[in-house]
Amino acid sequence: MSAEIIDGKAFAAALRGQVAQAVPAFVEAKGRKPGLAVVLIGGDPASKVYVRAKVKATLEAGLESFEHQLPETTAQRDLVALVERLNEDGRVDGILVQLPLPAPINEKAVIAVIDPAKDVDGFHVANAGALAVGEKSLVPCTPFGALALLKHRLGDLSGLEAVVVGRSNIVGKPMAQLLLQQNCTVTIAHSRTRDLPEVIRRGDIVVAAIGRPQMIRGEWLKPGATVIDVGINRIVVDNQGGTRLVGDVDFDSATEVAGAITPVPGGVGPMTIAVLLRNTLVAAHARAGLPAPEGL
Ligand code: NDP
């Protein structure tokens, strides 16, 4: 068997297109574009790459982008003051503070200051709590994107066994909540799980959000399972220092057993930015008292 490859890149392009199509109606109603503010502290190369990609996608979708690049030495109180200004700024519908933040800044304390209505990353406890109790909220981008891919591939998820490997606040936990809302029977596995292969073999759906290159092997999967590989790991592939990106799933052995699988790169990754734009648009409509754009 050879699994269907789920094309997250194409799906994300379509979602970005949907966002772009909905922008003119917002501009007509409110006389301004929806705005996303991105805050980057320090010069972490990976964060810089992500922020550049986010800004580019924001502008391409016709949204307003507000960039704030602060030095590594920025004091927490200055970052908090900036977030407070962005909370008050009527042109800003979404605030994204790029993580990780350099020590000694306390990430939790900074996230706590973001207005939940502008928390397009969905990391504020108010949004995490709303998701947990099934109320409308801004949902973290990566799990939301992963769920969109699953629904596209499988349609109704009701009654399916879903195994989420990883319990972080930004991926694993919200992923499990979303799958539960879809009436899946959800198992959350983590580093203390006993006999992980046996747990994973239950999954009609397996979501891997671990951060361990190629850890989940094809032999662990239930034949025909749909596999969403959230992991992004850079591995060295030759002795000249050449590297490549791989997921948390061993793609080659998994494609022999799975029914469908997301590749790395080109699977969940592109969905994250597309959902960020979607969340910004949705936040803009909610703040403006407008109904959410159809289909988003
Ligand atoms: P974290 O490090 O915060 O969480 C990793 C989780 O995996 C933890 O819950 C941990 O368990 C669990 N884990 C670690 N080792 C094992 C193991 N041997 N067996 C079972 N479970 C294990 O990572 P994130 O959730 O932030 O990210 C996960 C992956 O997803 C990373 O590769 C990251 O780069 C990627 N990512 C990709 C995004 C995208 O846009 N595609 C966005 C965000 C992340 P425990 O809690 O017990 O320690």
Report summary line: For GLY211, the lone unmet condition from (1) within 26 Å of ALA274 (Cβ to Cβ); (2) more than 11 Å from the ligand (Cβ to nearest atom); (3) in contact (Cβ under 8 Å) with a residue 12 or more places away in the chain; (4) among the small types (Gly, Ala, Ser) is (2)
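Yes/no per residue for (1) under 18 Å from the mean Cα position of the chain (by Cα); (2) of a type in the set (Gly, Ala, Ser):
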position: LEU96; (1), (2): yes, no
position: GLU107; (1), (2): yes, no
position: GLY122; (1), (2): yes, yes
position: ALA130; (1), (2): yes, yes
position: GLY134; (1), (2): no, yes
position: SER137; (1), (2): yes, yes
position: CYS141; (1), (2): yes, no
position: GLY159; (1), (2): no, yes
position: SER168; (1), (2): yes, yes
Query raised in the report: Just to be sure, is ARG153 surrounded by fewer than 21 Cβ atoms within 10 Å (Cβ to Cβ), within 15 Å of the ligand (Cβ to nearest atom), modelled with pLDDT of 95 or more and charged (D, E, K, R)?
Result: no
Report task. Go through the residues of segment 235-258 one by one and say whether even a single one is within 19 Å of ASP156 (Cβ to Cβ), surrounded by fewer than 21 Cβ atoms within 10 Å (Cβ to Cβ) and away from the ligand (no atom under 16 Å from the Cβ). Result -> no
Query raised in the report: With respect to the numbered conditions (1) on the phi > 0 side of the Ramachandran plot; (2) touching a helix residue (DSSP H, G or I) at 6+ places or on another chain (Cβ under 6 Å), which one is the sole condition not fulfilled by GLY241?
Result: (2)
Report task. Can you work out which of the residues in segment 192-208 that are in a loop (DSSP other than H, G, I, E, B) and within 14 Å of the ligand (Cβ to nearest atom) is nearest to GLU256 (Cα to Cα)? Result -> GLY203
Query raised in the report: Got a number for residues in segment 265-282 being of a type in the set (Ser, Thr, Tyr) and either at positive phi or out of contact with any Cys (no Cβ under 9 Å at 6 or more places or on another chain) (or both)?
Result: 1
Query - Answer from VAL51, VAL80, VAL120 - the residue that is surrounded by fewer than 21 Cβ atoms within 10 Å (Cβ to Cβ), β-branched (Val, Ile, Thr) and under 21 Å from ILE232 (Cβ atoms) - result: VAL51
Query - All positions within segment 214-230 that are away from the ligand (no atom under 15 Å from the Cβ), of a type in the set (D, E, K, R) and in a loop (DSSP other than H, G, I, E, B) - result: LYS222
Requested in this report: Considering only residues that are over 18 Å from ALA260 (Cα atoms), away from the ligand (no atom under 14 Å from the Cβ) and of a type in the set (A, V, I, L, M), look in segment 156-191 and name the one that is surrounded by the most Cβ atoms within 10 Å (Cβ to Cβ).
Outcome: LEU178
**Report entry** Leading residue by the ranking (surrounded by the fewest Cβ atoms within 10 Å (Cβ to Cβ)) among those in segment 192-215 that are among the hydrophobic types (A, V, I, L, M, F, W, C) and more than 12 Å from VAL163 (Cα to Cα)
**Finding:** MET215
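Which of the strands (runs of 3 or more DSSP E) contained wholly in segment 20-109 include at least 2 residues that are touching a residue at least 40 places away in the same chain (Cβ under 8 Å) and not β-branched (Val, Ile, Thr)?
Result: 35-41, 94-97.
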Query raised in the report: So which of ALA117, ALA148 is in a helix (DSSP H, G or I) and within 14 Å of the ligand (Cβ to nearest atom)?
Result: ALA148
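Conditions (1) over 30 Å from ALA61 (Cβ atoms); (2) assigned to a loop (DSSP other than H, G, I, E, B); (3) touching a His at 6+ places or on another chain (Cβ under 7 Å); (4) modelled with pLDDT of 95 or more, marked per residue:
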site	(1), (2), (3), (4)
ASN183	yes, yes, no, yes
ASP252	yes, no, no, yes
ALA258	yes, yes, no, yes
ASN279	no, no, no, yes
ALA283	no, no, no, yes
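The values are calculated or read from the model by the stated rules, or taken from the named source; none is laboratory data. Nothing here was measured: the structure is a model prediction, and the numbers come from that model. For neighbour counting, all protein chains shown are included, and Cβ atoms are generated from backbone atoms with ideal geometry for every residue, glycine included.
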